[in-house]
Amino acid sequence: MGISHRISRRDFCRVGAAAAATAALPLPAFAQAAARVVVIGGGFGGASCARALKQIDPKLQVTLVEQSRTFTACPFSNNVVAGLRSIEQQQFGYDKIAASGVTVVVQAATAVDATARTVGLADGTSLPYDRLVLSPGIDLRFDVLQGYDEAAAAKMPHAWKAGEQTLLLRKQLEAMDDGGLVVVAAPANPYRCPPGPYERACLIAYYLKTKKPRSKLLILDAKDTFSKQRLFQNAWKELYPGMVEWVSLSQGGKVNGVDAATNTLITDFGNHTAQVANVIPPQRAGRIAMIAGATDKTGWCAIDPVTFESKSAPNIHVIGDACLAGSMPKSAFTANSQAKVCAHAIAALLSGRSPAAPKLINTCYSLAAPDYGISIAGVYQPKNGLLADVEGAGGVSPLDVPRDFRAREAHYAQTWFATITAEVFG
Amino acid sequence: MKGLRIAIAAAAVAAWYQPLLAASDPPPGAASCSGCHSTGTTAFSISRLYGRDAEDITKAMAGFRDGSLPATVMNRIAKGFTDEESRAIAAWLAAQK
């Protein structure tokens, strides 16, 4: 099957005819028809899920709806910011997914009718489904930090969706004079990639140390604690002494607003004018999740921890960054783990079986320097309606180990990226 | 004679069971392994687990769990699984191609 900008007329007629036949026939005939699963979002969650569904049951009609022809991965995009990697190395296409039997529709999904079980597309056509998977990732909130809207983001990049924004931040760092101040503003929990802002601080510091050693990097944080904290703080001391400063919430680190005209970040304790300002704003589930009625008042999606079915929208499953998965952090590894569990659960539900309680794993690497890797891992299982840590498992890399241990974890980080992108897109 | 018959029967059961196991739902945790351990033919340095001997995988998991095998991250992950869960994961991985 190929990638189409829109569903071909023939496919669309076939879908229409099938739907009409389904309506006219008694139930047993319906049970024999190939079930239709639509997946919205072609990132680590959605692309993995579409592919896994087709692999589990080749008879399923699986459609992946994604508005972009090329996926730009966030993991390792901090290396692009620091000039250590090209953006092309972050980019993947959907040809192999289409070749595996998934119908790839390159369009934006604009509507979901949970009662009629249809997805509306930007060109006005609609796709019927028996089960829908939403893996829309995040939307950045431009309504929380005063003055930080999309226009401000063109001056003070978030670079929290990989692509143009990543390259903009890199260009600003390259254009900055030695001795400049770089500010990274980190949001409160929950958000995509909890250790991401601190890895970014490390790799920007690596760039500054190499190219602009009189510069400083300030992290303004809306939190008092963060992922892999001791490991990052040790790395700052060890690798970038005197260069990186972290200002916690209780020290006045929370950014309330910005003045994009002067590149100023505003906190309760004072203003910071930066040469380069990287503002990572609060986030919520991608917009289609709200349209589908799958978000709650937090802006994220509550799910059943066995099937990933939405707690508010039946027959709609939510995976990846958009869902509230208890203790599971919002990472690419998590999205991929959830995608496979969700695919098996959907295959079971469609054949009338009840899915078994799963266990899921997350492993997440960060680089403090190109040859200095640290990791966090966790094992999760359903408990009291959420995904909870399996006690005694998981945790972060040890604090006191020789540098070759860090070098090995940096190597594993690279290997992980090659493996997971090959599994999903290769 | 009787021993041979049992052996043939056991082999027949195994031959019948392997494809069924391969196609069965992965036991809890097993679907996550391929996030790091390649299932493809590309030679990455993190070991491929599909088709590996089940006993080897079970032993490795036990070694990571009790600390007798050196590890960077597998020690932290293995502690999330019991011996029985590890055996089920190992059998399923071994049955995959």
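The values are calculated or read from the model by the stated rules, or taken from the named source; none is laboratory data. Nothing here was measured: the structure is a model prediction, and the numbers come from that model. Counting neighbours? That spans all protein chains shown, and the Cβs are built from the backbone with ideal geometry, glycine included. Remember, those area values only see protein heavy atoms, side chains included, never the ligands or the DNA or RNA. Shrake-Rupley method; radii C 1.70, N 1.55, O 1.52, S 1.80 Å.
Taking every residue in A:395-401 and counting other chain Cβ atoms within 10 Å of its Cβ, the average works out to 2.
In this structure, the amide hydrogen of A:Lys311, modeled 1.01 Å from its nitrogen in the peptide plane, lies closer than 5 angstrom to those of A:Ala302, A:Ile303, A:Asp304, counting only residues at least 5 positions away or on a different chain.
Each label point was placed 7 Å from the Cα along the Cα-to-Cβ direction; for A:Glu174 and A:Ala154 their separation is 2.0 nm. Listed peptides A:230-239, A:172-181 appear in the order A:230-239, A:172-181 once ranked by packing, highest mean of other Cβ atoms within 10 Å at the front. Remark on A:Ser397: its backbone amide H falls under 5 Å from those of A:Ser375, a criterion applied only to residues 5 or more positions apart or on other chains, H modelled at 1.01 Å from N. Stokes-Einstein diffusion for chain A at 10 °C, viscosity 1.306 mPa s, with a Kirkwood radius from C-alpha pairs, works out to 71 µm²/s.
If you average 1/r across every pair of different Cα atoms in region A:145-281 and take the reciprocal, what Kirkwood value do you get, in Å? Mind showing how you got there, number by number?
Details: mean 1/r = 0.0677 Å⁻¹.
That comes to 14.8 Å for region A:145-281.
Dividing the Cα radius of gyration of region A:184-231 by 2.2 N^0.38 Å, with N the residue count, gives 1.21.
For region B:43-97, compute Rh as the Kirkwood radius over C-alpha pairs and then the Stokes-Einstein diffusion coefficient at 25 °C and 0.890 mPa s; write the answer in µm²/s, rounded to an integer. Intermediate results must be reported in sequence, preceding the final value.
Details: Rh = 11.3 Å.
Once the numbers are plugged in, D ends up at 216 µm²/s.
Rounded to the nearest Hz, the phi-derived 3J(HN,Hα) couplings of region B:58-75 under the Karplus curve 6.51 cos²θ - 1.76 cosθ + 1.60 (θ = phi - 60°) are 4, 5, 4, 4, 5, x, 5, 5, 8, x, 6, 9, x, 7, 9, 10, 5, 4, where x marks glycine and proline. Against the main long axis of the alpha-carbon atoms of chain A, helix A:403-425 sits at an angle near 30°.
Quick one: net charge around A:Asn271, please, counting Lys, Arg +1 and Asp, Glu -1 for every other residue with C-beta under 14 Å from its C-beta. Local net charge: -1.
Within the accessible area of the protein assembly as shown, what % is carbon and sulfur when the probe is 1.4 Å and the other protein chains stay in place? Working shown, then result.
On the way: 12590 of 22590 Å².
Roughly 56 percent, rounded to a whole number.
For chain A, the share of DSSP beta bridges that are antiparallel, to the nearest 5, is 50%.
Phi angles of region A:203-218 translate, via the Karplus equation with coefficients 6.51, -1.76, 1.60 and θ = phi - 60°, into HN-Hα couplings of 6, 5, 4, 4, 5, 4, 4, 6, 10, 9, x, 8, 7, 10, 10, 10 Hz per residue; Gly and Pro are given as x.
Angle of helix A:9-24 to the longest C-alpha principal axis of chain A, folded into 0 to 90 degrees and rounded to 10: 60°. Angle check, please: helix A:229-239 long axis (alpha carbons) against the longest principal axis of chain A (alpha carbons), in degrees 0 to 90, nearest 10. Long axis of A:229-239 versus the principal axis of chain A: about 50 degrees. Solvent-accessible area per residue in chain A equals 40 Å², computed with a 1.4 angstrom probe and all protein chains kept.
For the segment B:75-86, counting C-beta atoms of other chains within 10 Å of every residue's C-beta and taking the mean gives 5. With all protein chains in place and ligands, DNA and RNA left out, the 1.4 Å accessible area ranks A:Glu309, A:Glu245 as A:Glu245, A:Glu309, largest first.
For chains A and B, what's the summed buried accessible area, probe 1.4 Å, to the nearest 100 square angstrom?
Numbers: alone 18270 and 6690 Å², together 22590 Å².
For A against B, buried area totals roughly 2400 Å².
Based on C-alpha pairs under 8 angstrom that are at least 6 apart in sequence, region A:145-281 has a relative contact order of 36 percent. For A:Ile219, nonlocal amide neighbours, meaning residues 5 or more places apart or on other chains whose placed amide H falls under 5 Å from its own, are A:Val184, A:Glu245, A:Trp246, A:Val247. Each residue of region A:176-188 was assigned a 3J(HN,Hα) from its phi angle through the Karplus curve 6.51 cos²θ - 1.76 cosθ + 1.60 (θ = phi - 60°); the sequence is 5, 6, 4, x, x, 9, 9, 10, 10, 9, 9, x, 6 Hz, with glycine and proline shown as x. Pairs from the table (A:Lys54/A:Lys96; A:Lys216/A:Lys237; A:Lys54/A:Lys340; A:Lys171/A:Lys212; A:Lys155/A:Lys212; A:Lys297/A:Lys340) lying more than 18 angstrom apart at Cα are A:Lys155/A:Lys212; A:Lys297/A:Lys340.
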